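The values are calculated or read from the model by the stated rules, or taken from the named source; none is laboratory data. Nothing here was measured: the structure is a model prediction, and the numbers come from that model. Here the Cβ positions follow ideal geometry from the backbone for every residue, glycine too, while neighbour counts run over all protein chains shown. Accessible surface is based on the protein model in full, side chains and every heavy atom, while ligands, DNA and RNA are left aside. Shrake-Rupley method; radii C 1.70, N 1.55, O 1.52, S 1.80 Å.
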Amino acid sequence: MAISPLATPADLEARGIDTSDAALVDALLASASAAIRDAAGSPITETSATVTVASPAGRRLDLPGPVRSVDSVTMDGREVSDWTLVGDSLWRPRSWTVPNGTPVPVTVSLTFGLAEVPADVVDLVCNLVAAGLAHAEGGYESSAGKIAERIDDYSVQYAQGADAVVSPMELPERTRRMLARRFGGSAAMVVMRS
């Protein structure tokens, strides 16, 4: 099942972006949304999914957030019911793993993510799509990473290092780090000793 893009053609139109080539616009919306979700390590929008992680040594199992609800939890194929959802973590009265034991798979079916896409994320998608449309209009001639162009005494300056990109859909490293920090990446395990 495909996840809906993080912005819509109506969002593009509200910013004065031409949406007459519907197939290209849909492809760019999907591409920009995928790039942002990849950097965020999260679908961002509300999604139901099943995740499997190794059981942590402590009592706390962190989940991708924000967690809306947890439908079921199994550990090594057996249902677990002695957990409590606190924030974006499942807590048990005892450790998820037997002391000095080998971690086992913990499978959690849950609904997580935001009910509404934040306005700045919608704007980021729209900017990427606009850049993609300009790139297509230019015959896909590479202008990726261009940060300055001067006509008199002609010169072009391109981004270098971590800010250099290959295509309009590639996010600079700084933006990728910001999205990962903000949306929390994926499920993680934290060792808590009680």
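Conditions: (1) modelled with pLDDT of 90 or more; (2) more than 26 Å from the chain's Cα centre (by Cα). GLY87 meets all but one. Number of the miss?
(2)
Is it the case that ARG94 is touching a residue at least 24 places away in the same chain (Cβ under 8 Å), closer than 29 Å to ARG176 by Cβ and of a type in the set (D, E, K, R)?
Working: touching a residue at least 24 places away in the same chain (Cβ under 8 Å): yes; closer than 29 Å to ARG176 by Cβ: no; of a type in the set (D, E, K, R): yes.
Against the criterion (touching a residue at least 24 places away in the same chain (Cβ under 8 Å), closer than 29 Å to ARG176 by Cβ and of a type in the set (D, E, K, R)), ARG94 does not qualify.
Determine if the stretch 45-55 includes at least one residue that is in contact (Cβ under 8 Å) with a residue 40 or more places away in the chain, under 30 Å from ARG15 (Cα atoms) and charged (D, E, K, R).
Kept after step one, since they are in contact (Cβ under 8 Å) with a residue 40 or more places away in the chain, are these residues of the stretch 45-55: 45-55.
If we keep only those that are under 30 Å from ARG15 (Cα atoms) too, we end up with 45-47.
Imposing the further condition that a residue be charged (D, E, K, R) reduces the set to 46.
Yes: one or more hits.
Of all residues in the stretch 39-94, which are over 29 Å from ARG174 (Cβ atoms), of a type in the set (D, E, K, R) and touching a strand residue (DSSP E or B) at 6+ places or on another chain (Cβ under 9 Å)?
Of everything in the stretch 39-94, those that are over 29 Å from ARG174 (Cβ atoms), of a type in the set (D, E, K, R) and touching a strand residue (DSSP E or B) at 6+ places or on another chain (Cβ under 9 Å) turn out to be ARG59, ARG60, ARG68, ASP71, ASP76, GLU79, ARG92.
Got a number for residues in the stretch 166-194 being assigned to a loop (DSSP other than H, G, I, E, B), of a type outside the set (Lys, Arg) and either modelled with pLDDT under 60 or open to solvent by 50 Å² or more (accessible area, probe 1.4 Å) (or both)? Don't jump to the end; show me each part of the working.
Initially, the stretch 166-194 is screened for residues assigned to a loop (DSSP other than H, G, I, E, B), giving 166-172, 184-188, 190-194.
Checking the rest, the ones that are also of a type outside the set (Lys, Arg) come to 166-172, 184-188, 190-192, 194.
When the remaining residues are screened for being either modelled with pLDDT under 60 or open to solvent by 50 Å² or more (accessible area, probe 1.4 Å) (or both), the result is 166, 170, 184-188, 190-192, 194.
Number of matching residues: 11.
Got a sec? Which strands (runs of 3 or more DSSP E) wholly within the stretch 3-120 have at least 2 residues that are surrounded by 15 or more Cβ atoms within 10 Å (Cβ to Cβ)?
Because the criterion is at least 2 residues that are surrounded by 15 or more Cβ atoms within 10 Å (Cβ to Cβ), the strands (runs of 3 or more DSSP E) in the stretch 3-120 that meet it are 47-54, 60-62, 67-75, 89-91, 105-112.
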